[in-house]
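Data block below; observations after.
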Amino acid sequence: MLGIFNKGSANLPAGKAGNPKYIFVVGGVMSGIGKGVATSGIARILKSKGFKVTAIKIDPYINVDAGTMNPTEHGEVFVLDDGYETDQDMGNYERFLDETLPSINYMTTGRVYQEVIRRERNLEYKGKNVEVVPDIPLEIIRRIEEAQKTANAEITLTEIGGTIGEYQNIIFLEAARMLKQKYPHDVALVMVSYVPIPNNVGEMKTKPTQYAARSLNSVGLQADVILARAAVPLDQKRKEKIAIFCNILPDRVISAPDLESIYDAPINYEKDGLGNILCDVLGLPERKTDLSEWEAFVAKSKNATRELNIAVVGKYFDSGEFTLADSYISVLEALKAAAYHQGAKVKISYINSKDIETGEKKVEDLKNFDGIVVPGGFGEKGIEGIISSIRFARENKIPYFGLCYGMQLATIEYARNVVGLEGANTIETDPKAPHPIIDVMPDQKEKITKQDYGGTMRLGTYEAALKEGTIVREAYGKSEVSERHRHRYEVNPEYIEKLEAAGLIFSGKSPSGVLMEIAELPREKHPFFLGTQFHPELLSRPLNPHPLFMAFIRAASERNKS
C-alpha cells in the first residue's frame, strides 16, 4: 500500500515550507450547519493574509454534476465560467474569494467513479485489479492536486459534503486520510460541529460533538480545529470540555455562533485567531490578517437604514412545510450586495407563483413592493402565475427584473398582451402553441429527441453586444459583456420583428445577432423593465456587485422614495 504514495503533487518531503498545504472541512452531528460558509470564511481569511487560496467542493451524490438535482432538495445549481453545473457552495467560494473557479474544483461520487471506470476501460490501469480502495480515493486525491496546480495555490480547501458517519462520504474521508499520510505536516482537518442548547435543559451540550470527533477518529482522522456552531458564543468551560474529550488544544476550539449575516463569519473567526491557528497547524509563517475591505462591506450592510421590499416570484420554494430560499441563493445575495452598496437593505418576500395561479394569493398584492424579480426555472408549473405577475409589474410600472426564464416569460407576456398574439407561449410547456415565442435552440433539438439532458444545455460564458442608448448599456458602461448561461430555449427569431415593432427592445444580442440576450422597455414607457437570458447573479460578488442588480436596486429605491 505504501507504494501508492511514490508520486505527489509537489514531490517534496512533507513539512517543507514550500509544499502545497491542504485543509479539509468536514461536518459533525448534522447537515446544514454551515460547512460551505465556514470553508468560504476560512478561504477569505487566508487570502487576506496574502496566501494564494483555492476551494473545492465534494458532493457525495451519484449524480455526475449538480445539473440534474432537484433545486427544492439540493438548492441552487451554480454554473461556472466553463459551463460546469455545481453545488451552490461553489457560489459562496467565488463570492468570498472574489475569484472565478474552474470545474476541477467540484466533484461528485458519480464524477469520480465515472473517471475511474473510463480509465479502466481504456486500459490505463495496465491490467491491474481496480478496487474501491485505493483507486477511488487516489482519483479524489488526483483531482484535489490538479485543482491545486491549476490555481497554483499555496493552500487548497476541500469541503466534504454530508456528515461524519454517513456511508456516502466515507470514501472521501479515506482520501483525506491517505493525503494526510502522504503529507503529514501539510494537511489540516477542520470539523464544523453543532453544539445544541435543548430548551428543556437550558445548557449547551457538547456530547454530540464528542461523538462526532470519535466517529472521525474511527476512520483514521483527527480534527486539528473544531468550529463549534451554536445559537450563542461558546464559553471557556465548553471550549475546555470539547478540547479534553476531542483531543485538541482549547484555543483550537473556535466559537461560531449564529450571525446576522454569513459575511460576518471571517470577522468572527478571527476573534479566536483562526487564521494564525491554521498557519501554526500547517507550518506556515504567521502573517497579518487584512480584512479591512471585507469589514468595510460588512459595515455597509449593518449601517444600511432604508428598507426595500422586493418580491421574488418563483416556483422552487416548496420543501414540505418549509420555504427553501437556497433555490435562488445567488439571486438573493446579489440583491443584498447591490442594496448594501447603495445604503439600503432588502426585505425579500418569497412568492410561490403557483399560489398566484390558483388564486391563493392575489396578484394585486404586488403593488406593495418596490421591485419584482423572476428568477430562472424550468417546466410548466406556476408559469401562468409568473406571467400574471409580470403583466402586473409592467402595467403598474413596478421595477421588474427577469432572469433567464424571467426574460422568456416577460417576452411571452408582451407578445400576448401588447402585440396581441393569442396563445403565445414557450414550446417547453406547449409544443403546439400557435405562437411559439420561445423555441428550442437548433442544436438542442436532437439532444431532446435522444433524451440527452445532463450537461447539454447552453452552459457557461458567452459574449453579448449591447445596444446604444439602453438601460443595459448605461449600467455596464461598455458595449460588450461576457455572462454565464444555463438554458435550452431562446426567443424565436421569427417573432423578433413583431415584438420590436410593438416597443420591446432587444438591447443585448449574441455577437452574430442571432440570439436575443437581453430584453427591455424604454424608460419613457417603464422605469425599469428588463430581462436577461443569462444569469447575472452568478457573477455578482459582495465587493463587486453586478451592474444590472445595481441598476435594478436604484430603480426600486426611486419607487420606494416616491
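Applied to segment 26-36, the Karplus parametrisation 6.51 cos²θ - 1.76 cosθ + 1.60 on θ = phi - 60° returns per-residue 3J(HN,Hα) values of 10, x, x, 6, 7, 7, x, 9, x, 5, x Hz, with x for Gly and Pro.
Cα centroid separation, segment 16-59 to segment 176-207: 14 Å. When the pairs K302/K347; K498/K525; K347/K478 are compared against a 20 Å limit on Cα-Cα distance, K347/K478 fall above it. Averaged over residues, the count of other Cβ atoms within 10 Å places the peptides 432-440, 388-396 in the sequence 388-396, 432-440, highest first. Put the Cα centre of segment 345-424 next to the Cα centre of segment 233-291 and the gap is 45 Å.
Between amide H atoms placed 1.01 Å from N, distances below 5 Å from R306 occur with K345, all of them 5 or more places distant or on a separate chain. Note that segment 93-103 has calculated 3J(HN,Hα) couplings of 4, 5, 5, 6, 7, 6, 9, 8, 10, x, 5 Hz, one per residue in order, obtained from phi through the Karplus relation 6.51 cos²θ - 1.76 cosθ + 1.60 (θ = phi - 60°); glycine and proline are x. The computed Cα extents along the principal axes in Å for the structure shown corresponds, within [x] 92, 68, 50; [y] 66, 51, 47; [z] 72, 59, 45, to [z]. Straight Cα distances below 18 angstrom link K300 to the aspartates and glutamates D98, E260, D264, D290, E333, with same-chain residues fewer than 8 positions distant left out. The H on the amide N of F78, modeled in the peptide plane, is under 5 Å from the matching H of T86, D87, Q88, each at least 5 residues off or on a different chain.
Can you classify segment 297-561 as rounded, prolate or oblate using the Cα gyration tensor, where a ≥ b ≥ c are the square roots of its eigenvalues, rounded means a/c under 1.5, and otherwise it's prolate if a/b beats b/c and oblate if not? Can you show the working numbers first?
Numbers: a/c = 1.40, a/b = 1.27, b/c = 1.10.
In terms of gyration-tensor shape, rounded.
In this model, which of K381/K432; K149/K271; K21/K271; K345/K561; K367/K397 are farther than 20 Å apart at the alpha-carbon? The answer is K149/K271; K21/K271. Rounded to the nearest Hz, the phi-derived 3J(HN,Hα) couplings of segment 299-304 under the Karplus curve 6.51 cos²θ - 1.76 cosθ + 1.60 (θ = phi - 60°) are 4, 4, 5, 7, 8, 5, where x marks glycine and proline.
Relative to the longest principal axis of the Cα atoms of the chain, helix 405-414 runs at roughly 10 degrees.
Take the Cα gyration tensor of segment 22-284, multiply each eigenvalue by 5, square-root it, and list the three semi-axes largest first, rounded to whole angstrom.
On the way: eigenvalues 178, 80, 68 Å².
Equivalent ellipsoid of segment 22-284: 30, 20, 19 Å, largest first.
Under a 5 Å amide H to amide H cut-off, with H placed in plane at 1.01 Å, what residues pair with L227 once short-range neighbours are removed? For L227, whose amide H was placed from the backbone, the distant partners under 5 Å are M191, V192, S193, I254. With no solvent and one equal point scatterer placed on each C-alpha of segment 13-163, evaluate the Debye formula and give log10 I(q)/I(0) for q = 0.11 Å⁻¹, two decimals. Computed log10 I(q)/I(0) values: -0.44. For segment 248-365, the calculated P(r) over all alpha carbon pairs, in 10 Å bins from 0 to the bin holding the longest distance, is 11, 29, 27, 20, 10, 4, 0 percent. A straight Cα-to-Cα reach below 18 Å connects K237 with the aspartates and glutamates E203, D251, D272, residues fewer than 8 places away in its own chain not being considered.
No value in this document is a laboratory result; all are computed from the given coordinates. Predicted, not measured: the structure shown is a model, and the values here were computed from it. Glycine gets a Cβ as well: all are built from the backbone with ideal geometry, and neighbour counts include every protein chain shown.
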